[in-house]
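Below is one structure, written out as structure tokens; comments come after it.
The values are calculated or read from the model by the stated rules, or taken from the named source; none is laboratory data. Just so you know, these numbers come straight off a predicted model, no measurement behind them. Here the Cβ positions follow ideal geometry from the backbone for every residue, glycine too, while neighbour counts run over all protein chains shown.
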């Protein structure tokens, strides 16, 4: 298993463990998929960028994981609520990862934008995680 897949699995588990988030977005709509239209509301676990920390960092990797939030609405209020709950879920701190990987720490940023279709709100959460172990 790769470090980025271990991170994605941990993120989904953290989201499912937060009742306030699942009240906004049903568990069945927290997905890893590449198709549109997305369910409304939905959290789409997505793209990653991985930076090798190299030997100087003792075998760590920095992963930027992008999470897309979608909701049919005329404002950005719904995706803002979802984004807030995601960021609260991430404040849980370190979580276990599969494959012998260890989450050294993470932070997040979020951006809210209007979709060009005029009826969909979109949020983009980026999780910046440092991971060690797992044979890195």
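General observations
- Filtered by the rule that a residue be more than 12 Å from residue 15 (Cβ to Cβ), outside any strand (DSSP E or B) and in contact with a helix residue (DSSP H, G or I) (Cβ under 9 Å, 6 or more places away or on another chain), the range 85-104 gives 97, 98, 99, 100.
- Residue selected from the range 32-59 under the condition surrounded by 15 or more Cβ atoms within 10 Å (Cβ to Cβ) and in a loop (DSSP other than H, G, I, E, B), by the criterion modelled with the highest pLDDT: 41
- Test: residue 83 is surrounded by 15 or more Cβ atoms within 10 Å (Cβ to Cβ) and on the phi > 0 side of the Ramachandran plot: no
- Within the range 27-40, the residues that satisfy the criterion of being in contact with a strand residue (DSSP E or B) (Cβ under 9 Å, 6 or more places away or on another chain) and under 24 Å from residue 94 (Cα atoms) are 30, 31, 32.
- When restricted to residues that are part of a strand (DSSP E or B) and out of contact with any helix residue (DSSP H, G or I) (no Cβ under 9 Å at 6 or more places or on another chain), the range 61-84 contains 4.
- Filter result for residue 74 (more than 15 Å from residue 42 (Cβ to Cβ), modelled with pLDDT under 95, buried (at least 16 other Cβ atoms within 10 Å of the Cβ) and over 13 Å from the mean Cα position of the chain (by Cα)): no
- Looking across the range 120-136 at every residue that is assigned to a loop (DSSP other than H, G, I, E, B) and touching a strand residue (DSSP E or B) at 6+ places or on another chain (Cβ under 6 Å), the one that is farthest from residue 50 (Cα to Cα) is identified as 134.
- Scanning the range 70-111 for residues that are free of Cβ contacts under 8 Å to residues at least 12 places away in the same chain, under 14 Å from residue 7 (Cα atoms) and out of contact with any strand residue (DSSP E or B) (no Cβ under 6 Å at 6 or more places or on another chain) yields one hit, 93.
- Cross-chain or 6+ apart pairs with Cβ under 6 Å, the range 112-124 first and surrounded by 14 or more Cβ atoms within 10 Å (Cβ to Cβ), then at pLDDT below 90 and not in a strand (DSSP E or B): 122/115
- The residue list 11, 21 contains one member that is surrounded by 15 or more Cβ atoms within 10 Å (Cβ to Cβ), at pLDDT 95 or above and in contact with a helix residue (DSSP H, G or I) (Cβ under 6 Å, 6 or more places away or on another chain), which is 21.
- The set of residues in the range 1-23 that are more than 16 Å from residue 98 (Cα to Cα) and either touching a strand residue (DSSP E or B) at 6+ places or on another chain (Cβ under 9 Å) or without any contact (Cβ under 8 Å) to a residue 12 or more places away in the chain (or both) comprises 15, 16, 19, 21, 22, 23.
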